[in-house]
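Laboratory data are not the source of any read-out in this text; all were calculated from the coordinates shown. Here the structure is a predicted model, which means the values were calculated and not measured. For neighbour counting, all protein chains shown are included, and Cβ atoms are generated from backbone atoms with ideal geometry for every residue, glycine included.
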Amino acid sequence: MATVSYIDTHQLTRSPLEVQVLEVESPTLFWVKLKNGEGELNELLRYLTLRMTRIGKNLTLAPDCVEVGTLVAVKEKGRWQRGIVTEVTSHTDVTIHLRDWGRKIHRRKFDCCRLEERFMEQPWQAVPCGIHGVKPTDPSGWTERDIALVRLLIEKQWGRISIRRACWGEFAEVDFSIRKKGDLLIRNLANILESAGAAYKSTGVMINYKLGLNNVEQKPTMRRIRFPSQIKI
């Protein structure tokens, strides 16, 4: 089966890297885009969109060919994207992980097209990361409140990561500094979570991240979301 490689976090510098947070699943699993790879990704997706606009109908996959692990081209918001099928939810529908963006979408099998090999050469551009050295204070795991707080603070925002440990090739435990208006780098995200009572300092890997298919189950405790007014970001 054809594959798309990933950005090997073992090979990335340990100096601070400027990134944009694409998608947050929890404090210990979020997806970032490296600033220095932005141009190449835009060019690849521009070419993919042009190609699929011309011949996409000829590349439609038969439903029985769309299974977990299948690489596909799918259209989202008027633009074609690369993805990998992570779940078959019914005989007609699948979940697709857009690994250049770290997010999942749901599509009919009939909407999936074959991803040509020329578009497999560039690695997936979203890098999965987790905050280094923290665990949730709630014994059941990260709560809905914890996840919502991190989304509020960093999702779609620019910041800097410093890789503390590379795991499984593509995942990285990182220190994350939030960048706000005026290019100010302020407090470390781990310290913010600790001051909010959401996390405590620890060692060890918090998630079971496998093979780029994102087999991570997050089961947040359902709570009314209230953010402490004293948190400074």
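Structural remarks
- The stretch 150-173 versus the stretch 19-92: alpha-carbon centroid distance in Å: 21 Å
- Other-chain or far-sequence residues with amide H under 5 Å of Glu76's (modelled H): Gln81
- Over 31 Å (Cα to Cα) - which of Lys77/Lys201; Lys33/Lys201; Lys109/Lys156; Lys75/Lys201 fall in this group: Lys77/Lys201; Lys75/Lys201
- Our coupling estimate for the stretch 99-106, obtained by passing each phi through the Karplus curve with A = 6.51, B = -1.76, C = 1.60 and θ = phi - 60°, is 6, 7, 10, x, 10, 10, 9, 10 Hz, Gly and Pro reported as x.
- Highest average packing first - 28-37, 136-145, Cβ atoms within 10 Å: 28-37, 136-145
- Couplings for the stretch 67-82, taken from phi via the Karplus curve 6.51 cos²θ - 1.76 cosθ + 1.60 with θ = phi - 60°, read 9, 4, x, 6, 7, 9, 10, 9, 9, 9, 6, x, 10, 7, 10, 8 Hz in order; Gly and Pro are left as x.
- Model label sites at Leu152 and Arg14, defined 7 Å from Cα along the beta-carbon direction, differ in position by 3.5 nm.
- Note on His91, His132, His97: ascending count of other Cβ atoms within 10 Å places them as His91, His97, His132, the fewest first.
- Residues in the stretch 105-128 that a label on Arg54 would reach, taking backbone N under 20 Å of a point 7 Å out along Cα→Cβ: 113-122
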